[in-house]
Structures are given as structure tokens and as C-alpha cells.
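Shown next, in C-alpha cells, is the structure this report addresses.
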Amino acid sequence: MDGLPSLNRLIRQLQRLPYLASKNVYRVSQYFLELSTAQREEFCRILLESCQSLRPCPICCAWSEVGSGCLFCDASTRDRSIICVVESWYDLQAIEHTGVYKGLYHVLGGVLSPLDGIGPNELLLDKLQSRVGSTVKEVVLALNQTPESDATAAFIARLLKVSDVLVTCLARGLPVGASLEYSDRLTLNKALLERRMF
């Protein structure tokens, strides 16, 4: 589209989005272009407000509202003896939607991937290590079943071996290579209930 530089700039920006399939970039571009001015302004306003109003919790690293407590860390009903380690906040949401798990969370922010330059220092492992103390009895490694996730789980298990905590992982009811985000509630429920020693 050589004659449409504005459209090209929009498409280039959308191509930077990690989960947007390249074949959908043009559809999403058209969607935004066909919105009314008021709808576009509202979308941009909400995006900017969300970026200003949301911050990672300093304890579990899940998103929380600025000026408000964490939905999980500050809830008196959560079981503080167990921490569920997930890769991302949407994996946390997948676990939470099962309605089975009632403990605390820890969001890593990714997995070990040396080829992508992601080592232990790029993940939030130091925060996890500092949380595992006398009150925490179990750490559940609820990571996706990929080679990188498995390597990350093994690294965390070694890291926590010095502490007196039980390290478990989800049962293998989840298909290999699957993302928690796309798993159905029953499969996640079963995987949580049948977790095993790591």
C-alpha cells in the first residue's frame, strides 16, 4: 500500500502486537478506522488510563490498581500457606476461574529462554524466594507445558530445595504444548486437584 503512508504506519504498529496473527492485522486496522471518532477517543482514553492506573503488585507481581491493595495478597480469605507460580497474569486468571484454588499467587513474567536473552535475573525469582518462609508450606508450579517452562520449573525447584517447602506441579492432565489461557475449566480443575511432587 505504497500510496497510503498513514495506513502503513497503523499496520506497522499493529504488527508489533505479539498475539495478533498477521492475517488479522488488516481486519483490526479496518475495525479501528471504521469506529466513530467518539469510539476511537474512548478506546484511547481507556488504554491510557489503564496504563496509568495499573501496576504490578510489589509482592505477587499480579496487576493491581494504583492506590488499592492487591486482590490476592490483601484478601483475608486466601490460604497463605500455598503459593501458585504462574508465567503471566492471564495464566493466573485461568487458574482463578476454576474456583478451586484459594491460595496466593506469584507471577514470574515469563520463562527462562536463553535464546531470547531471558535468564533468571529477568524473571521475578528473587521476589518468590523472599516470600517462601515459615508460613508457606507448598509452592505449586503451574507453568505451561513447553520445554522452556519445564526448564524454568526445574530451576525453581532447585532454587527452593534449600527451603523447607513442598514443591509440586500441575498434574499432566494438560496437553503438552498447551497454554493455560486456552485450557477449559474442567481440565485445569483436574490438573490442580491432582498436582504432584516435582
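Quick notes
- Close pairs (8 angstrom Cβ cut-off, 6 or more residues apart or separate chains): part of a helix (DSSP H, G or I) in the stretch 23-52, basic (Lys, Arg) and surrounded by 10 or more Cβ atoms within 10 Å (Cβ to Cβ) anywhere: Phe32/Arg40
- Where a residue in the stretch 154-171 is of a type in the set (Lys, Arg) and its partner, wherever it lies, is surrounded by 14 or more Cβ atoms within 10 Å (Cβ to Cβ), with Cβ under 9 Å and at least six apart: Lys161/Val167
- Matching residues in the stretch 120-164 - criterion: being over 17 Å from the mean Cα position of the chain (by Cα) and in a loop (DSSP other than H, G, I, E, B): Val132, Gly133, Ser134, Thr135, Val136, Lys137, Lys161, Val162, Ser163, Asp164
- Pairing each residue of the stretch 122-147 that is over 12 Å from Val167 (Cβ atoms) with any residue that is in a strand (DSSP E or B) and charged (D, E, K, R), provided the two are 6+ apart or on different chains, yields C-beta distances under 7 Å for Thr135/Arg80.
- Yes/no for Val167 being of a type in the set (Val, Ile, Thr) and either part of a helix (DSSP H, G or I) or out of contact with any strand residue (DSSP E or B) (no Cβ under 9 Å at 6 or more places or on another chain) (or both): no
- Of the set (1) part of a strand (DSSP E or B); (2) within 20 Å of Tyr182 (Cβ to Cβ); (3) touching a Lys or Arg at 6+ places or on another chain (Cβ under 6 Å); (4) not acidic (Asp, Glu), all apply to Ser81 but (2).
- Checked against (1) in contact with an Asp or Glu (Cβ under 8 Å, 6 or more places away or on another chain); (2) more than 26 Å from Ala157 (Cβ to Cβ); (3) of a type in the set (D, E, K, R), Glu65 passes all but condition (1).
- Cross-chain or 6+ apart pairs with Cβ under 8 Å, the stretch 1-15 first and over 15 Å from Tyr31 (Cα atoms), then assigned to a loop (DSSP other than H, G, I, E, B) and at pLDDT 90 or above: none
The values are calculated or read from the model by the stated rules, or taken from the named source; none is laboratory data. These figures come from a predicted structure and were not determined experimentally. No Cβ is skipped: glycine too gets one built from the backbone with ideal geometry, and neighbour counts run over all protein chains shown.
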